[in-house]
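Student: Can you keep this structure in mind? I'll have questions shortly.
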Amino acid sequence: MANFPVRPRIGFLASHNGTNMRVIVAAMRAGALDADPAVLISNNAGSTAIAWAGENNVPWVHLSAKVTGSDEAADAAIAETLKSHGADLIVLAGYMRKLGPATLKAYHRRILNVHPALLPKFGGQGMYGAFVHEAVLKAGERETGATIHIVDGEYDHGPVVMQAAVPVEPGDTAQTLAARVQAREQTLYPDVLKKIIAGEIDLDRLA
């Protein structure tokens, strides 16, 4: 059974807007999610995620290979920063870099990502954002959705935690489909975290 503190601390990694981070932190502060934000790490110094974190009293750190000197150093710094801020569980909220072995080892089966499709469909390297929705439409799919999965060393590969379906409507564009999928992500992510914290989902037992 995965053991977490009574009120775990959640670390976030985001590259751009960090939209799901904002929704999750809002749920924490509204009392709907029994957790606290630990820290935001962004590889993009100009990200609006950093600006939002600064305005909303969420500690943040800018870390990238450019800042630290190498991918290996950035990986080590990310793992150490998460540990030093007491993070128990990690949420990727639009983080556009592949995590390194130090971070994956430090938070084995404790890192979650959301993918804007029903994995294993439309996943893998290069499949992100509009590329995913365009591929869904090109394939003539009648249904897509959002997937929360555990992060491992491969893109969009780790065990699925939970999925939510979203219908593909006639006349959809990548933009209209993206908007509906993102709206579903914003209810799915907090719900998954709530179930993990309550012990209803055991990350260690997912295949």
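Nothing in this text is a laboratory measurement; each read-out follows from the coordinates by a stated rule. Computed from a predicted structure; not experimentally measured. Cβ sites come from the backbone with ideal geometry, for glycine too, and all protein chains shown count toward neighbours.
Student: When the Cα atoms of the range 114-200 are enclosed in a convex hull and the volume is divided per residue, what value in Å³ results? Walk me through the numbers on the way to the answer.
Tutor: On the way: hull volume 7.0 nm³, N = 87.
Looking at the range 114-200, the number lands at 81 Å³ per residue.
Student: Amide H of LEU40: which non-local residues (sequence gap of 5 or more, or other chain) have their own amide H closer than 5 Å, using H built in the peptide plane?
Tutor: Residues meeting the criterion, in which the H sits 1.01 Å from N, are PHE12, TRP60, VAL61.
Student: Based on the Cβ-Cβ distance of THR176 and ALA207, what FRET efficiency does E = 1/(1 + (r/R0)^6) give at R0 = 45 Å, to the nearest 0.05?
Tutor: 0.85
Student: Net charge near LYS105, counting Lys/Arg +1 and Asp/Glu -1 over other residues with Cβ under 12 Å of its Cβ?
Tutor: +1
Student: Can you list residues whose amide H is under 5 Å from MET162's amide H, if they're 5+ apart or on another chain and H is modeled 1.01 Å from N?
Tutor: Counting only residues 5 or more places away or on other chains, the set is ILE148.
Student: What order do you get for 137-146, 35-44, 180-189, 89-98 when each peptide is scored by the mean count of other beta carbon atoms within 10 Å, highest first? Can you show the working numbers first?
Tutor: Numbers: 137-146: 15.6, 35-44: 22.5, 180-189: 19.1, 89-98: 21.0.
Output ranking for 137-146, 35-44, 180-189, 89-98: 35-44, 89-98, 180-189, 137-146.
Student: Compute the helix-to-body angle for 71-84: its Cα long axis versus the longest principal axis of the chain, expressed 0 to 90° and rounded to tens.
Tutor: The two axes meet at around 70 degrees.
Student: What would the Debye equation give as log₁₀ I(q)/I(0) for the chain at q = 0.09, 0.11, 0.12 Å⁻¹, counting only Cα atoms as equal point scatterers?
Tutor: -0.32, -0.49, -0.59
Student: Tell me which of ALA32, ASN43, LEU99 sits at the most positive position along the dipole axis of the chain, charges placed on C-beta atoms (Lys, Arg +1; Asp, Glu -1).
Tutor: Final value for the positive-end residue is ALA32.
Student: Moving on to the next point. When the chain is fully extended, how far beyond the present Cα-Cα distance does ASN56 get from ALA30, taking 0.36 nm per residue of separation?
Tutor: On the way: separation 26, 0.36 × 26 = 9.36 nm, distance 1.36 nm.
Contour length minus Cα-Cα distance gives 8.0 nm.
Student: Still on this structure, please answer the following. What's the center-to-center distance, using Cα atoms, between the range 68-121 and the range 167-207 in Å?
Tutor: That distance is 19 Å.
Student: If R₀ is 25 angstrom, what is the calculated FRET efficiency for the pair ASN3 and VAL160, using the beta carbon separation as r and rounding to 0.05? Could the numbers behind the result be given before it?
Tutor: Numbers: r = 22 Å, r/R0 = 0.87.
Computed FRET efficiency for ASN3 and VAL160: 0.70.
Student: What is the set of long-range amide H partners of LEU33 at a cut-off below 5 Å, with H atoms built 1.01 Å from backbone N?
Tutor: So LEU33 has HN proximity to MET28.
Student: Also, I was wondering about something else. Which whole-Hz ³J(HN,Hα) couplings does the range 40-52 yield from phi under the Karplus relation 6.51 cos²θ - 1.76 cosθ + 1.60, θ = phi - 60°, glycine and proline marked x?
Tutor: 9, 10, 10, 8, 10, 4, x, 5, 6, 4, 5, 4, 5
Student: Got a sec to turn the phi values of the range 17-24 into Karplus ³J(HN,Hα) couplings, 6.51 cos²θ - 1.76 cosθ + 1.60 with θ = phi - 60°, whole Hz, x for Gly and Pro?
Tutor: 7, x, 4, 5, 4, 4, 5, 5
Student: A further question on this structure: Note the full-extension length gain between THR68 and ALA45 as 0.36 nm times their separation in residues minus their Cα-Cα distance, in nm to one decimal.
Tutor: 7.0 nm
Student: Taking a quarter of the surface of the convex hull around the Cα atoms of the range 7-108, what do you get in nm²?
Tutor: One quarter of the hull surface, i.e. the mean projection, equals 5.7 nm².
Student: Based on the Cα atoms of the range 48-152, what semi-axes does the equivalent ellipsoid have, where each is the square root of 5 times one gyration tensor eigenvalue, given in whole Å with the largest first?
Tutor: Computed over the range 48-152, the values are 28, 16, 14 Å.
Student: Report the local net charge at GLY11: Lys and Arg +1, Asp and Glu -1, summed over other residues whose C-beta lies under 10 Å from its C-beta.
Tutor: Value of the local net charge: +2.
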